[in-house]
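**Student:** Below: one structure in structure tokens.
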Amino acid sequence: MIVADHISKHFNGIEAVSDVSFRVGAGETMVLLGTSGCGKTTTLKMLNRLIEATSGSIEILGRRISEEKPEILRRSIGYVSQNNGLFPHYTVSENIAVVPKLLGWAANDIQEHTERLLEQLKLPENFRQKYPSELSGGQQQRVAIARALIADPPVLLLDEPFGALDPVTRASVRKDFAELPALKQKTMVLVTHDVQEALEMGDHICLMDKGRIVQSGASADLLFKPANDFVRSFFDQQRFLLELKIISLRSIFNVLPNSKATYQYYLTTEQNLWDALEILSVRHLNEVIIRNEKGESRSLAMADIQRAYHQAKQQG
Amino acid sequence: MDEQQSLWAFMTQQSGKLWSQTVAHIGLTCISLLIAIAVGLPLGIWIARRKKAAWLVLGVAGILQTIPSIALLGFMIPLLGIGALPAITALFLYALLPIIRNTYTGITNVDPAITESARGMGMTPWQILASVELPLAMPVILAGIRTATVINVGVATLAAYIAAGGLGEFIFGGIALNNTQMILAGAIPAALLAVVLDFLLSLVQKTGLRKMRKVSVILPVLLLLLSSFYLIPYTKGNLLAGFTPEFMGREDGYLGLKTKYGLDMQTVVISDAVMYKAAFEKKLDVISGYSTDGRLKAFDLITLDDDQSIFPPYYAAPVVRTAVLNQYPELQPVLEKLTGHINDSVMTELNYRVDYLKQAPERVAHDFLVSKKLFQTPHSGNKGRIRLGSKIFAEQYILIQMYKELIEGNTDLAVDTKTGLGGTKICFDALTNGEIDMYPEYTGTGLLAILKADRATLQSLGGDREKVYNYVKQEFLNRYKLQWLRPIGFNNAYALMMRRAQAQSLNIHSITDLKNHATNGNHRH
Ligand SMILES: Nc1ncnc2c1ncn2[C@@H]1O[C@H](COP(=O)(O)OP(=O)(O)OP(=O)(O)O)[C@@H](O)[C@H]1O
Ligand SMILES: [Mg+2]
């Protein structure tokens, strides 16, 4: 659990971050979202004391970080920096082994963990002896993630971990990352300026502007109940897509009619209105089947999508 | 081909000396380099952390670098005396800038994203320095060490001037003696040494980032090993002699002392410029000097009697190109006007004024001419130009000034002076190449250093003043079309010198006395 209490950072009198407070529950993912220069990185680095807060206090796992030795604190916090920061003179496996070595792990322990992570992150075995310069950007990013995760830290700080990648690679690295078993119980703070990424990964989003949190809450709150014009206009460009994406099929499952038809294409309750709209349009269907975990089926037609959407808008 | 063979012959014949000089050279270079690394590396790291101190440290090291090497050695002598200590200190100061600067550059150029991620993972500042910054900066640091090494191999040749040994002994000996083989025997190994060390370091540099961690261990060990070559050539207790490179290689110098007198004592090679002072300060006990040197008087030294006459006469006389004498017949009588006016003690006095009282040679020369009523106000100087050259010491400066005033006052010729042409070889070459028209030379130097008279000739001439002069005059005319005019009158011969007090207390008056003392002294051990 991470609690930031009224933290600020001044660089030579210029306020990079001012009076920011948030709380990230255990196992939750919080996203820091905002335009370039709004203070996301600065906020994140205050959490592992790469930057010392000018004022305010931060607690991680119930302990005030200002009272801990920075080096020791950091070893228990996984950190992926904005530019991967891999050591060019270390091989992939040496890079990954940095924190375990600091923690004094046995060599075969390190090797075991490395192998497993590389496999989970879809990096071939023979990459272990390569140097970062011999890898593509996406591969480097996977190594950086492996390096942050190897010691299984309870807290993970990610600064635009997929930022420098092309959309396709970005999606695939993100997918493999999201599927990592180790990720399930982690408390994470993710920095991004990518709205879709924020909605997809965040349980909770803090939208920042000029060093302040403008609005924080669940993604639906930000979309449907914007606190001010800034928040509204921030999402305007992709608003329709985003709004459809955050309405899950689960939330409307119970109001849908039972389905008798047995169509070949069906969706799960994990998916959202956007997915349903996509299927209906691309396949030229009138209805699509939705199944929940219990195996019950409902049918969803274009009209249901419209109704659900308008309802969500009105509630906002 | 002939040249090469004789060079090879020289090197084999002198292999003992060559080896010890090479070893001393490597030692000097490596010790100073090691100290420079030990100081420069931490300093470079420190200023990379404290950017405000960087300009100051780099500025000071930069200023040290711009001091001419020979001047830096000169500054060292009053502080540290002669020998290894000042030489190593000077070399160390030279090596400092490239090492500090490259360490600073190397470390500040490490991508901050990398050091930050190191911090982010919980590495301590020391761990970051050792595992990230230094290995990443190492190629740049090594480039600095390479620069420093090559500089040091070069500058270490100058160590021979202050009795610290090294290949400069052959190089400067060779220049002084007009002996090409000797110069090459020093210069070629020195050049090879620079090339080899640079190559070795380039191999280290090319080992790639991966092995940089090993390099930082191997390099200091290697340097330490090479440094241990250098054994400082002092044994306490005995008399220590300091001889110029030139003297060391001469038949009428150190070689003659060994063969004729059987003198066997601890010797170091040292520059004429610092020798007298070193004797005065008791860093040396015996030196090879010139009998008219002003510092003899200044430092209260006495000359030892050459009782077996190994030092030939060194009477000074103008040597002029015959073509010039033919073109301007009025020149010869003017150049001979000094004859009879300057004897040994007069010359010592004049030299003393320049060397010790720091009066300008021009003024001393002028005052002397005035006092002897030889001075005339200059004529128009529009008939032609005469170029006078001189070697790089006071006596020659004074003589040149006298000749200049005499020519200008007694003829319509104008005079250019080219003073400070280094040693005999440089002056002589300048004269034969027509770059100068005249310079004052000494009969003994002409006989031995230029004509390289063989043993039989030397035997037949003996130490006789007239015979030597006539032989030199004849040979110069035949071989080089150069004319020796009438000698001035003083004899600036080689002499061994000691502090007056020490010579008296040891009861040493002649070289034979010295030899006896040295031999007994050695036997006592
Ligand atoms: N070390 C520093 N010294 C001075 N100002 C800084 C420093 N680091 C950041 N800033 C300033 O603080 C503000 C916030 O920077 P920050 O890096 O937190 O932005 P960001 O939201 O991460 O932007 P981006 O999306 O471009 O990474 C910027 O205006 C930046 O110029
Ligand atoms: Mg940032």
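**Student:** Which condition from (1) surrounded by fewer than 18 Cβ atoms within 10 Å (Cβ to Cβ); (2) of a type in the set (D, E, K, R); (3) within 16 Å of ligand 1 (Cβ to nearest atom) is the one that residue A:68 breaks?
**Tutor:** (3)
**Student:** Quick check on my filter: what residues within the stretch A:183-196 are in contact (Cβ under 8 Å) with a residue 60 or more places away in the chain and either within 17 Å of residue A:46 (Cα to Cα) or open to solvent by less than 30 Å² (accessible area, probe 1.4 Å) (or both)? Step through it out loud before you land on a result.
**Tutor:** We begin by selecting, within the stretch A:183-196, every residue in contact (Cβ under 8 Å) with a residue 60 or more places away in the chain; these are A:184-193, A:195.
Of everything in the stretch A:183-196, those that are in contact (Cβ under 8 Å) with a residue 60 or more places away in the chain and either within 17 Å of residue A:46 (Cα to Cα) or open to solvent by less than 30 Å² (accessible area, probe 1.4 Å) (or both) turn out to be A:186, A:187, A:188, A:189, A:190, A:191, A:192, A:195.
**Student:** While we're here: What is the residue count in the stretch A:10-38 for residues that are closer than 11 Å to residue A:212 by Cα, open to solvent by 30 Å² or more (accessible area, probe 1.4 Å) and not hydroxyl-bearing (Ser, Thr, Tyr)?
**Tutor:** Total meeting the criteria: 2.
**Student:** Could you check, for the stretch A:172-188, whether at least one of its residues is in contact with a strand residue (DSSP E or B) (Cβ under 7 Å, 6 or more places away or on another chain) and within 16 Å of ligand 1 (Cβ to nearest atom)?
**Tutor:** Restricting attention to the stretch A:172-188, the residues satisfying the condition of being in contact with a strand residue (DSSP E or B) (Cβ under 7 Å, 6 or more places away or on another chain) are A:186-188.
Okay, now just the ones that are also within 16 Å of ligand 1 (Cβ to nearest atom), so none.
No, there is no match, as no residue in the stretch A:172-188 is in contact with a strand residue (DSSP E or B) (Cβ under 7 Å, 6 or more places away or on another chain) and within 16 Å of ligand 1 (Cβ to nearest atom).
**Student:** Then there is this: For the list (1) hydrophobic (A, V, I, L, M, F, W, C); (2) in contact (Cβ under 8 Å) with a residue 40 or more places away in the chain; (3) open to solvent by less than 70 Å² (accessible area, probe 1.4 Å), I need the number of the one condition that residue B:53 fails.
**Tutor:** Among (1) hydrophobic (A, V, I, L, M, F, W, C); (2) in contact (Cβ under 8 Å) with a residue 40 or more places away in the chain; (3) open to solvent by less than 70 Å² (accessible area, probe 1.4 Å), the lone unmet condition for residue B:53 is (2).
**Student:** Across the stretch A:43-56, what is the total count of residues that are open to solvent by less than 20 Å² (accessible area, probe 1.4 Å) and within 11 Å of ligand 1 (Cβ to nearest atom)? Talk me through it step by step, then tell me what you get.
**Tutor:** Of the residues in the stretch A:43-56, the ones open to solvent by less than 20 Å² (accessible area, probe 1.4 Å) are A:43-44, A:46-48, A:50.
Add one more test, that the residue is within 11 Å of ligand 1 (Cβ to nearest atom), and what stays is A:43-44, A:46, A:50.
Matching residues across the stretch A:43-56 total 4.
**Student:** Something else about it: Would you mind listing the helices (runs of 4 or more DSSP H) fully within the stretch B:349-453 where at least 1 residues are in contact (Cβ under 8 Å) with a residue 60 or more places away in the chain?
**Tutor:** Numbers: elements: B:361-371, B:394-410, B:424-432.
Counting at least 1 such residues, we get B:394-410, B:424-432.
**Student:** Of the conditions (1) under 19 Å from residue B:493 (Cβ atoms); (2) crowded, with 19+ Cβ neighbours inside 10 Å, residue B:297 fails just one. Which one is it?
**Tutor:** (2)
**Student:** Then there's this: Within the set of pairs 6+ apart or on separate chains, which have a first residue in the stretch A:26-53 that is more than 14 Å from every other protein chain (Cβ to nearest Cβ), a second that is assigned to a loop (DSSP other than H, G, I, E, B) and away from ligand 2 (no atom under 13 Å from the Cβ), and C-beta atoms under 6 Å apart?
**Tutor:** Sorted first by the residue in the stretch A:26-53, then by its partner, the pairs are A:26/A:1; A:27/A:185; A:28/A:203; A:29/A:202; A:29/A:203; A:31/A:202.
**Student:** Further, regarding this structure: Need at least 3 residues that are under 15 Å from residue B:355 (Cα atoms) per element, so show me which helices (runs of 4 or more DSSP H) inside the stretch B:265-329 make the cut, counting only ones lying wholly within it.
**Tutor:** On the way: elements: B:272-280, B:294-298, B:322-327.
Passing ranges, in order: B:272-280, B:294-298.
**Student:** For the stretch A:137-155, name all the residues that are of a type in the set (A, V, I, L, M) and within 28 Å of residue A:58 (Cβ to Cβ). I'd like the intermediate steps shown before the answer.
**Tutor:** Pass one, the stretch A:137-155, residues of a type in the set (A, V, I, L, M): A:143-146, A:148-151, A:155.
Scanning the stretch A:137-155 gives A:144, A:145, A:146, A:148, A:149, A:150, A:151, A:155.
**Student:** For the stretch A:61-96, what are the residues that are touching a strand residue (DSSP E or B) at 6+ places or on another chain (Cβ under 8 Å) and within 14 Å of chain B (Cβ to nearest Cβ)? Give the steps one after another, and end with the answer.
**Tutor:** Going through the stretch A:61-96, the residues touching a strand residue (DSSP E or B) at 6+ places or on another chain (Cβ under 8 Å) turn out to be A:61, A:64-66, A:73, A:76-82.
A:65, A:73, A:76, A:77, A:78, A:79, A:80, A:81, A:82 - these are the residues of the stretch A:61-96 that are touching a strand residue (DSSP E or B) at 6+ places or on another chain (Cβ under 8 Å) and within 14 Å of chain B (Cβ to nearest Cβ).
**Student:** Out of B:93, B:72, I need the residue that is away from every other protein chain (no Cβ under 14 Å) and open to solvent by 20 Å² or more (accessible area, probe 1.4 Å). Which one?
**Tutor:** Values: B:72 fails: open to solvent by 20 Å² or more (accessible area, probe 1.4 Å).
Only one candidate passes the filter, namely B:93.
**Student:** Something else about it: Which one of these is away from ligand 1 (no atom under 16 Å from the Cβ) and open to solvent by 10 Å² or more (accessible area, probe 1.4 Å): A:78, A:104?
**Tutor:** A:104
**Student:** Let me ask something else. Within the stretch A:143-178, work out how many residues are open to solvent by 30 Å² or more (accessible area, probe 1.4 Å), closer than 15 Å to residue A:122 by Cβ and in contact (Cβ under 8 Å) with a residue 40 or more places away in the chain.
**Tutor:** Qualifying residue count, the stretch A:143-178: 0.
The values are calculated or read from the model by the stated rules, or taken from the named source; none is laboratory data. As the structure is a computational prediction, the values presented were derived from the model and not from experiment. Note that each Cβ is placed from the backbone with ideal geometry, even for glycine, and that neighbours are counted across all protein chains shown. What goes into the accessible areas is simple: the full protein's heavy atoms, side chains included, and nothing from ligands, DNA or RNA. Shrake-Rupley method; radii C 1.70, N 1.55, O 1.52, S 1.80 Å.
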